[in-house]
1. Please give every one of the lysines within straight-line cross-link reach of LYS39, meaning a C-alpha to C-alpha distance under 23 Å, and leave out same-chain neighbours fewer than 8 residues apart.
2. According to the square roots a ≥ b ≥ c of the eigenvalues of the Cα gyration tensor, what is the shape class of region 57-100, taking rounded for a/c under 1.5, prolate for a/b larger than b/c otherwise, and oblate for the remainder?
3. Give, rounded to the nearest 20 debye, the magnitude of the charge dipole that the chain has about its Cα centre when Lys and Arg contribute +1 at Cβ and Asp and Glu contribute -1 at Cβ.
4. Would you kindly compute the Cα radius of gyration of the chain and its largest Cα-Cα separation (Dmax), both in Å?
5. Find the centroid of the Cα atoms in region 86-102 and in region 1-74, then give the distance between the two in whole Å.
6. Before rounding to the nearest 500, sum -39500 (n - 2.57) across all DSSP H runs of length at least 4 in the chain and divide by the residue total; then give [θ] at 222 nm in deg cm²/dmol.
7. Relative to the first principal axis of the alpha-carbon coordinates of the chain, what is the inclination of helix 2-14, with its axis defined by its Cα atoms, in degrees from 0 to 90 and to the nearest 10?
8. Taking 0.36 nm per residue of sequence separation and subtracting the Cα-Cα distance, how much length would be gained by fully extending the chain between GLU51 and SER104, in nm to one decimal?
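Quick note: the coordinates plus some simple rules give every number you see, no bench work behind them. Because the structure is predicted, anything quoted here is derived from the model rather than measured. Positions of Cβ are generated from backbone atoms using ideal geometry, with glycine treated the same way; all protein chains shown enter the neighbour counts.
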Amino acid sequence: GFRDLLQYLTTPIYSPTPSTQPPNATFAVHKQAFHSIAKCVAALTITCAHEGAGVVNQFVNDVKNPKSTDSIHLFSLLALGEIGKHVDLSNQSELMGVILDSFS
């Protein structure tokens, strides 16, 4: 279902392997892949709206977590932005602060 597809899309970012991470790369996947995967995750989240709040909370927690890799941090911000294009996230009380803090 939803969780399986979400995990399939995000595994290269959350659990990179030598076959998915470009050699000598700083990030888990190619830079363009972050944007493409974020768009796919947003489309999936919008389609399965009942799962949306949990996914948004997961990405907010990933941005807040100081142990998140740069790849996870970047992807989470992109995914939140893509989801926020289509879904009102104003009810996420800590979202704005988390996003602003990530740029400081």
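1. Correct list for LYS39: LYS31, LYS64, LYS85.
2. Numbers: a/c = 2.46, a/b = 1.49, b/c = 1.65.
Judged from the Cα gyration tensor, region 57-100 comes out oblate (a/c at least 1.5, b/c at or above a/b).
3. Details: 6 positive and 8 negative charges, 41 e Å.
So the dipole magnitude of the chain works out to roughly 200 debye.
4. Over the chain's Cα set, Rg and Dmax evaluate to 13.3, 41 Å.
5. Result: 17 Å between the Cα centres.
6. Details: 5 runs with 68 residues, N = 104.
So the calculated ellipticity at 222 nm is -21000 deg cm²/dmol.
7. Once rounded, the angle reads 50 degrees.
8. Details: separation 53, 0.36 × 53 = 19.08 nm, distance 3.02 nm.
Extra length from GLU51 to SER104 when fully extended: 16.1 nm.
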